[in-house]
Every structure is written in structure tokens, then in C-alpha cells.
Amino acid sequence: MPVVTLYWDELERLVGKSREEILERLPMLGCDIERVEEDHVDVEFFPNRPDLYSVEGVARALRGFLDIEHGYKEYQAKSADWKIVVEPAVLEVRPRIVGCVVRNLKITDEVIRSLMEVQEDLHWTIGRNRRKMAIGVHDLSKVYFPLRYTAVDSSFSFVPLDFSEEMSVAEILEKHPKGKEYRFILEGKDRYPMILDSKNEVISFPPVINAEKTRVTERTTDLFIDVTGFDENVDKALSILATMLADRGGIIESVEITYPDGRTELTPDLSPKRMVVSKDEIYALLGFEMSDDDIKLALERMRFGVGRIDESVEVLVPPYRADIMHEWDIIEDIAIGYGYDRIEPEYPPTNAIGTTHNWNEMREIAREVMIGLGYLEVITFTLTNERVQYEYMRRSGEAWKDYTPLMHPLTEDHTIVRTDILPKLLELLSYNTHHAMPQRIFEVGDVVVGTKNRLRLAACSTHARANFAEIRSVVQAVMRELDLEWSVAESSDDAFIEGRRADIVVDGKKVGVFGEIHPEVLENFKLATPVVAFELDLSELFDVGELL
């Protein structure tokens, strides 16, 4: 989760309260205080609140939460003659662009620091490391409108930020630090997005690097901000930046975007979103009833606007609240605004005595066995994607028959529920190639095969001499400790090397597989040393019960 550094001199000035009062109430807003220093405090915010990644956003939220000012704060983007023309060539590469102009902004070290920090945090969170969204900030005085958003080939050249000589797109991706860091986003493309001004000079090569000519300096007073990407995340990021800079005294002006089909739009859209929340649903989720005045006050403390209140509540959602997608999100904010510390705890009406579920009992047994064999336990995400789970493993799978896809995945890395643990362990090893060898890790956890939960145990070992004999001895020790009679059969699992792989068989049924990982799989995961591994389906071997 993003850790935001808030400097006391700025925060106390913008909020209007002392650091003691701020520290006392800040955690109740929904964050963890990492450390408190003499000149700053480091605060960890949840990824669902990108509007709090800047001191301006935190100050705005605290002024409401601390009863300094309540309710919806209106923002406006003034009409102006700034235009961007989107050309057909870029639609297949990076199709969406939005922008705004910020005038009369006093560029201080504080503003530059805050802007850079929030830009990087937005890139990492809602931008998914610039894949989904990337931001460019430019000195407006060096940008000549109208702009063209187009696509060019790899020989196209300009002077990138922090360089003094022209470089081609191919050279930037090969030699420039930012080019090397973000070239993976454009991998496989033969055309590259580019923003050009009316002098045919480059403004930006999104999502990689800006041009040197539009660098922001201490003499800059007016900014042009572009955001490119694929979906509504570009609008969310622009609204957060625009409102943040408006809170610093900047005047926001809109930019007109014209698409090849003749469609036009003005960005940013800083109008509020209207939602209606049932009072019965508020009571049901919170577990207690609230008066209309308490609901109104709680919402206004969280900087929402409140319209009519009868059987339901009309709510105006600020444009910077990218996390409000459902009525329940508003109800959560009602609870925060009301104060979790004011909610009286109650014992549940039904008394019961808990016992360990068979599923968890089996997990503990498997953990003890593997730890006793010298393996380190890890816990990986249960969400993954078809590429890691199947393509990298030289396996195949069919949706719903083999794996469960997500209806609305938030990222391209998390599109399905894992069906095997082993690919996640190999992925983890790929992140730790800089650590000393040998590395021996295991995980015991859930997978979903088709639509059924299964309990699996998987482990792998990597070092220069890892071989079939090593992993067979580990499997033999595990099966002995689990008190199971077993045998082996020839395996056809393409994730392992032919002739150095075997199925684990109990009572005539395949319950697992082990062997040496195939070189192509190692290459897919960028692993340079041999890996041996096994995976065992504990649900096939023991009565672990149903996991609900």
C-alpha cells in the first residue's frame, strides 16, 4: 500500500490544526501511521483512496473529518480554447487521452514535491505501473496548441527528458533509464504513441517519457497535464490531479478532445456523481439506526454533498473519489464519518464454541511436515492470470471447466482464481533471483478447480544441483509423515522434463506430480538455475470438509 510522507509545516497550515490533534484522529480516517518524525509523518493509505496520496488531499479530508469545514467542495474547469486531436493511428496502441490546463499556480518546492509523489503513486496504483494510465506534466508556455495525439514508428526521434541530444524511439527504449523501465508496456508494438504540438515538436512519448522542452522549472506558472491510457482510470487520475492543484490555488481550464469519428469531449469533468442510498440498507449494514441529522453530518464530514433525505439519501460524490462505485462504499464512509469509536460493541445473539475446521487442521499438519524438512513457508495471491497459470507452465485450461474467471478483474495480472499453487511459487522465485541459493519454499493453501475449492500442498527447490532424486526424496518423506502408501506412474505433465517427472498415485488415483521443471518453463519465469518441485492434492487424500 502507498506510504505518503506528510510534512508537518504544510499539513498543519493546510488543515488548521496542531499535529497532536491530527495524529489523534488521522487513524480513524482509515490509515496506518508508519512513523512520526520531527518534520514529517509517514502514513500508509489503502489503495482504494488515491485522492489521499497528496498532502492537499489529506488536508481536504481532515478539514471535514475534524469539523473545520463540511460538505461538498465544488470545483470548476473553465472553458478555454485548448484542443487535442486524436488520430486514427494511435487508437490501436493507447486509445484514450484527457488533459487540463492549470493557470496561476505558484510553483514552490512543496508543490513540485507533492505533484511528483502523487504522480508516481497514481502510476503505481490505478495506473498499474503505467500500463492502464500514465501522466505527463508540462510547462504550458512551451506547448503550442492544438496538439496531435498520434502514433509513430521506432525511427522517430526527439530530445527526451534529462537528455540534451535527440534519440529515436528505439534508442529511448534501449538506452534511456525510463525507456528500459517501461518498454515492457509497448512490447510487440510496431507503432508508438506520441503527443505533438502545432510546431510538430514532441510534448510526450506516453507512457514512457516527456520531452525535455516542456520541463517544469521554478519559473513555471502554468501547467498542461495529459493523461493517457485505456479506460476510466485516465479520468479518475486527471480529476484527482486537477482538484489537488485547485486546492493549491490553481485555476483549472478544460481541454477539448476530438476523436477520429467526430466525437468530442471536454476534460476534466469535475461535476459530482449523484447516488441514492436506501436508509434501510444503511441500518442493515451498520447494525444500528441513525437519525437523519447524524447521516447528513457523517456524509458531510467525509466531504459528500447531501440532497433530499426521506426513505433514501441523495448523495453528491466528489469527482476525486475514484473509489465510490457502489452504495456500500458510501455506507462505509457514513460509518467512518459517524466514528467507529462511537459504535457500541455487542456480543452476538447466538453463543457457540468454535472448533478447528478439518481444512485448517490439515494445513497445520502439512506446514509442520514441510518446515521439518527445511522448507520456508510462503503465502501467494490466490488470484492470477491465464498466462502465468497455463501458458508459462506449458499447460492448457478452459474457463469454468478448469478455472474460474473473474467477471470484473481490476488488473490484467489478476483475471482468474488459481488452479495450481506451483506457478505462483515459480513466480515468487523469479522475484528473488538476487537472493542466495539454495532456495526451498512451500505453500499449503486453496485452489479452485472448475468451481470447487481444493486444498493443495506445493513446494520447490532451486539451486545449481537440483535434480529428480532430491525431489523424490522430499515427496517420499512427506508421504511417510502423512502415513500414506503411494506409488509412482509415468507423467505427461508438460511443465516437467520428460523422463524426469512422475505422477503421485494413491489407491490407484493420481493425487499429485513431481519432477524437474522444464527449461522452457524456467525461461518463461526468467529463472537461471534448475528447479525441482511437487504439488499434492490433500483434498483427494483426506476428509478436509467443505470450505465455504
Exercise. Output ³J(HN,Hα) for the stretch 461-475: one whole-Hz value per residue in order, computed from phi by the Karplus curve 6.51 cos²θ - 1.76 cosθ + 1.60 with θ = phi - 60°, and x for Gly and Pro.
Key: 10, 10, 5, 4, 10, 4, 8, 4, 4, 4, 6, 5, 5, 5, 4
Quiz item: Amide H neighbours of Thr125 under 5 Å, counting only residues 5+ apart in sequence or on other chains, H built in-plane at 1.01 Å?
Solution: none
Exercise. With θ set to phi - 60°, apply the Karplus curve 6.51 cos²θ - 1.76 cosθ + 1.60 along the stretch 531-545 and write out the HN-Hα couplings as whole Hz, x wherever there is a Gly or Pro.
Key: 10, 10, 7, 9, 9, 10, 8, 5, 5, 7, 9, 9, 7, 8, x
Quiz item: Which value in nm describes the separation of the simple spin-label points at Ala284 and His326, placed 7 Å from the Cα toward the beta carbon?
Solution: 1.3 nm
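What pairs in Lys401/Lys526; Lys178/Lys213; Lys132/Lys199; Lys83/Lys178; Lys73/Lys273; Lys106/Lys142 have C-alpha atoms more than 19 Å from each other?
Numbers: Lys401/Lys526 29 Å; Lys178/Lys213 17 Å; Lys132/Lys199 29 Å; Lys83/Lys178 28 Å; Lys73/Lys273 13 Å; Lys106/Lys142 17 Å.
Going by Cα-Cα distance, Lys401/Lys526; Lys132/Lys199; Lys83/Lys178 fall outside the 19 Å limit.
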Quiz item: Given the Cα atoms of the chain, and with Rh set as the inverse mean 1/r over their pairs in the Kirkwood sense, what is Rg to Rh to two decimals?
Solution: 1.02
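Relative contact order of the chain: what whole-number percent is it, with Cα pairs under 8 angstrom and at least 6 residues apart? Mind dumping the intermediate values first?
Working: 1033 pairs, mean separation 68.2, N = 548.
For the chain, the relative contact order is 12 percent.
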Practice problem: Take peptides 304-310, 147-153 and line them up by average Cβ neighbours within 10 Å, highest first, as a rough protection proxy. | Solution: 147-153, 304-310
Quiz item: Taking the Cα centre of the chain as the origin and placing charges on Cβ (Lys, Arg +1; Asp, Glu -1), which of Val36, Tyr375, Ile84 is farthest toward the positive end of the dipole?
Solution: Ile84
Practice problem: Could you work out how far the C-alpha centroid of the stretch 486-522 sits from that of the stretch 35-81, in angstrom? | Solution: 55 Å
Self-check item: Amide H contacts of Lys83 (H built 1.01 Å from N, under 5 Å, at least 5 apart or other chain)
Solution: Leu147, Glu256
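Please pull out the direction-averaged projected area of the stretch 78-267, using the convex hull of its alpha-carbon atoms, in nm² to one decimal place. Write down the numbers at each step before the final one.
Working: hull surface 39.0 nm².
Its Cα hull, projected and averaged over all orientations, spans 9.8 nm².
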Exercise. Specify which residue in the list Val505, Ile112, Gly450 is farthest towards the positive end of the charge dipole of the chain, using unit charges on the beta carbon of Lys, Arg (+1) and Asp, Glu (-1), about the Cα centre.
Key: Ile112
Exercise. List the relative contact order of the stretch 1-138 as a percent without decimals, with contacts defined as Cα pairs under 8 Å and 6+ residues apart.
Key: 23 percent
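Please report the relative contact order for the stretch 3-65, taking Cα pairs under 8 Å with a sequence separation of at least 6, and give it as a percent rounded to a whole number. List each step's numbers first, then the result.
Values: 72 pairs, mean separation 26.7, N = 63.
Relative contact order for the stretch 3-65 comes out at 42 percent.
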Quiz item: In whole Hz, what ³J(HN,Hα) sequence does the stretch 421-426 give by Karplus (6.51, -1.76, 1.60; θ = phi - 60°), x for Gly and Pro?
Solution: 8, 3, x, 5, 5, 5
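Show me 101-112, 219-230 ranked by packing, highest mean number of other Cβ atoms within 10 Å first.
Numbers: 101-112: 16.2, 219-230: 21.2.
Most protected by this proxy first, the peptides run 219-230, 101-112.
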Quiz item: How large is log10 I(q)/I(0) at q = 0.14, 0.18 Å⁻¹ when the Debye formula is applied to the Cα atoms of the stretch 273-342, each weighted equally and without solvent?
Solution: -0.34, -0.58
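Let's see if you can work this out: charge +1 on each Lys and Arg Cβ, -1 on each Asp and Glu Cβ, no other charges. What is the dipole magnitude of the chain about its Cα centre, in debye to the nearest 20? It would help to have the intermediate numbers written out before the result.
Details: 64 positive and 101 negative charges, 295 e Å.
Here the size comes out at about 1420 debye.
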Exercise. Taking amide H positions as placed in the peptide plane 1.01 Å from N, state which residues far from Glu377 in sequence (5 or more) or on other chains have amide H under 5 Å from it.
Key: Phe442
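What does the highest-first list of 283-293, 393-403 look like by mean Cβ count within 10 Å?
On the way: 283-293: 11.9, 393-403: 14.4.
Averaged packing, sorted descending, gives the order 393-403, 283-293.
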Quiz item: Taking the Cα centre of each part, how many Å lie between the stretch 210-285 and the stretch 331-388?
Solution: 38 Å
Quiz item: Between Ser141 and Ile112, what length in nm is gained on full extension when 0.36 nm per residue of separation is reduced by their alpha carbon distance?
Solution: 8.7 nm
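Each reported figure results from applying straightforward, stated rules to the coordinates on display, with no laboratory input. Worth saying up front: this structure is predicted, and the values here are computed from it rather than measured. As a convention, Cβ positions derive from the backbone with ideal geometry for all residues, glycine included, and neighbour counts pool all protein chains shown.
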